[in-house]
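One structure below.
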Amino acid sequence: MRVPMIAGNWKMNKTVAEAVAFVKQVKDQLPPASQQETALAAPTLALVPMVSAAAGSPLKVMAENCYYKDSGAFTGETSPRALYAAGIHHVILGHSERRNYFHETDELINKKVKAALANDLCPIVCCDDTMGRRIAYDQKIHWVVNRILADVKDLSEDEVEKVTIAYEPNWAIGTGQSADPDQAEEGCYLIRQTISDMYGSKVANNIRILYGGSVTTKNVGALMAQPDIDGALVGVASLDPKTFLQIVNH
Ligand code: PEP
């Protein structure tokens, strides 16, 4: 049985004080983790204070990125080993903003996924999708399939089951124009089929796949009713505590 997940992604928003106040406001109104996981990805500075504020609640605090080395001369990077030691057990990898603004490649993301897993972090791997690229890719193989083949390759069965994948069409992120439930299901189904081809149907049935892109209180129910959509990665709508709680408890 796949446990659904609602994960907020704050991006580069909120001060430490604002982040802690948010956690205190929502932490007692969340479903039990056995029923649905709730997570918030926050800027690095806020992570440790948020873990303290969330103690004893089902809320999981996530990093928005990490590097693929545990330590060393990598100025400005965040170590997956240090994240785990600080009580952060989830990390978003390969968000389209990392790919587009910071030029992260599939090769780099695959290294980060492996490093995260080696440190017992659960990666939320984002798989973007643009219609333009889909057409440009010579129609040989779908853009999404290529992403998945490259980003989560060469993992053990145990490892891949710890991965959550988020299908996030670029045109839907931060635009207010969500994919409709059928479009979102199509992307998530394609990802599950690709995982099945890579790791077999048992793993594919167990892996959690989220949809992300302009999820709101209004569309979350219809999106999550789709057979291959196990939850949502929520950007803008996760910034307000009341709205986030409505999405979580939809
Ligand atoms: C995101 O950034 O992952 C995202 C889905 O953002 P939004 O919900 O604002 O579209």
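General observations
- Simple spin-label estimate for M1 and A222 gives 2.8 nm between the two label positions (7 Å along the Cα-to-Cβ direction from each Cα).
- Region 62-77 and region 1-44: distance between their alpha carbon centers, rounded to Å: 22
- Sum of -39500 (n - 2.57) over DSSP H runs of 4+, divided by residues of the chain (222 nm, nearest 500): -11500 deg cm²/dmol
- Placing one equal scatterer on every Cα of region 108-250 and applying the Debye formula, the log10 ratio I(q)/I(0) at q = 0.09, 0.17, 0.20 Å⁻¹ is -0.27, -0.95, -1.23.
- Within a straight-line Cα-Cα reach of under 24 Å, K69 can be paired with the following lysines, leaving aside sequence neighbours fewer than 8 residues apart in one chain: K11, K60, K111, K112, K114, K153, K162.
- Shape call, region 57-116: gyration tensor on alpha carbons, a/c limit 1.5: oblate
- Separation of the N205 and K153 label points, Cα + 7 Å toward Cβ, nm: 2.8
- As a ratio to 2.2 N^0.38 Å, the alpha-carbon radius of gyration computed for the chain takes the value 0.94.
- Simple label model, 7 Å out from Cα along Cβ direction - A17 to E107, nm: 4.6
- Ordering of 235-245, 91-101 by burial proxy (mean other Cβ atoms within 10 Å per residue, highest first): 91-101, 235-245
- Calculated diffusion of region 156-205, Stokes-Einstein form, Kirkwood radius summed over Cα pairs, 25 °C and 0.890 mPa s, µm²/s: 204
- Quarter of Cα convex hull surface for region 1-112, i.e. mean projection, nm²: 7.8
Bear in mind these aren't lab numbers, they're just calculated from the coordinates by the rules spelled out. These figures come from a predicted structure and were not determined experimentally. Neighbour counts run over all protein chains shown; Cβ positions are idealised from the backbone, glycine included.
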